[in-house]
């Protein structure tokens, strides 16, 4: 995943871009960078790894090193960026958020065969942002280059760049899976993945790009270079997991959606007669907590926090490069409130269940501290397909998903012809899947939100949402 922030002003834009980029720290853990343009000095750029330190600590003192009327910044889990590129379109700085599934094919067809070249990083891979820039450079305008590049990409591509005219060009991905917001004030304009980032910096919302829309941004104007596409498939995980609680996507607030989602999940359990007899409802922190508050409100079961995450030294559990390290750090962060665990029947709501490894660690931790029973509710439907648009699940194959592995154990490959039944908890196959997951995770019961319930909580039509992870529909 990742996010970006940019600003173009009548004066120096670096301060806003520094803080605006920092407000996207929840979206990436690997790399961060800033780039700016000054009419007299040209382009400058700084990139740092942030795997073991927050963005702010790596860019302290940046105000004395960089200044410009136009600037961009990004935080991501992919490659170092922004990049500064010299091309037939002029010199420009560019950053990219998204996933390119057909990267190898694009390099073979459009780079090698045309006699172009790309630098290779130390890990042997091509920088995705450099590939995006190379594809854009094949055309005679940014508008055409970005549009054609997005059409070639199998995946998702948000693009933000600074031109050597001192303007910003922003493009939302063609299916609108991720957001792009524009803000303005008396000094200029900004562009942001998260709209709350610029609201804290004194900007007010001016515009939200539609799917595939491309705009050019100046301090005193906003020009639409390409109009939006008709269809949208915005990622549902923006609300359930990725989004910061204060964020809004398509005018739907994340925190309120999560309350509604939890309420719907509780009502589903009530209607099905499966509401468990528990002492407390709790959330797997942090993103599971508001879903749990909604569940507690509707079920009238007391909400509590049986354990607290210790975040001053390890603010994000997934920073270490290996899964073993991530699991260990996640466990180290869990500080129990034993009076709320020992001898208690607990229901925890998690934002999703992907592989189940970390959740099993959490459940074992609760039993080690005296829990009598642990029930789990997932704020998402069963994940049956590894995400190919945003790499949400970070898996390389469907078989790394706990649902796929369980179905294979239950019925072999023939079970994959009945994925809809396994997703539905009212069917025999759905009940068998849930019973097996309970055995694997050592839990008393498990249930998942339905696609219908999630859609209702978000408040958009199913046709406008990407539900690929759950039903394979693009």
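Packing around the peptides 234-240, 458-464, taken as the average count of other Cβ atoms within 10 Å per residue, puts them in this order, highest first: 234-240, 458-464. Ranked by the mean number of other Cβ atoms within 10 Å of their residues, highest first, the peptides 434-446, 182-194, 216-228 come out as 182-194, 434-446, 216-228.
Can you tell me which of 66-74, 277-285 comes out highest on packing, and rank the rest after it, using the mean Cβ neighbours within 10 Å? Could the numbers behind the result be given before it?
Numbers: 66-74: 27.1, 277-285: 21.7.
Sorting 66-74, 277-285 by mean packing, highest first, produces 66-74, 277-285.
If you wrap the range 1-111 in the convex hull of its Cα atoms and look at it from every side, the mean projected area works out to 7.6 nm². Rounded to the nearest 5, the antiparallel percentage of DSSP beta bridges internal to the chain is 80%.
With n ≥ 4 as the cut-off for DSSP H runs, can you work out [θ] at 222 nm for the chain, using -39500 (n - 2.57) per run divided by the number of residues, rounded to the nearest 500? So the calculated ellipticity at 222 nm is -8500 deg cm²/dmol.
With respect to the chain, whose longest principal axis is taken over its alpha-carbon atoms, helix 254-272 is tilted by about 30°. In terms of its C-alpha gyration tensor, the range 350-474 comes out prolate, because a/c is 1.5 or above and the ratio a/b outweighs b/c. Taking the longest Cα principal axis of the chain as reference, the axis of helix 288-299 is set at about 40 degrees. Evaluated at q = 0.12, 0.16 Å⁻¹, the base-10 log of the normalised Debye intensity for the range 384-445, with identical point scatterers placed on the Cα atoms, takes the values -0.30, -0.52. Across the range 252-471, the relative contact order, built from alpha-carbon pairs under 8 Å that are at least six residues apart, equals 20 percent. Under the classification rounded if a/c is under 1.5, otherwise prolate if a/b is larger than b/c and oblate if not, where does the range 252-471 fall, given a ≥ b ≥ c as square roots of the Cα gyration tensor eigenvalues? The shape class here is rounded. Across the range 2-232, the mean sequence separation of Cα contacts (distance under 8 Å, 6 or more residues apart), normalised by length, yields a relative contact order of 21 percent. For the range 131-174, the share of alpha carbon pairs falling in successive 5 Å distance bins from zero is 5, 24, 36, 25, 8, 3, 0 percent. Rounded to the nearest angstrom and listed largest first, the equivalent-ellipsoid semi-axes of the range 2-232 from its Cα gyration tensor are 25, 20, 17. Using a cutoff of 8 angstrom between alpha carbon atoms and counting only pairs six or more residues apart, the relative contact order for the chain works out to 12 percent. Classification of the range 420-474 by its C-alpha gyration tensor yields a prolate form. The axis ratio a/c (a ≥ b ≥ c) is 1.5 or more, and a/b outweighs b/c. Where both bridge residues fall in the range 252-471, DSSP classifies roughly 15% of the beta bridges as antiparallel. Calculate how steeply helix 402-411 sits against the longest principal axis of the alpha-carbon atoms of the chain, using the helix alpha-carbon long axis, and give the answer as 0 to 90 degrees to the nearest 10. Compared with the principal axis, the helix lies near 50 degrees.
Each value in this text was obtained by applying a stated rule to the coordinates, not by laboratory testing. This one's a predicted model, so the numbers in the text were calculated from it and none came from an experiment. Glycine gets a Cβ as well: all are built from the backbone with ideal geometry, and neighbour counts include every protein chain shown.
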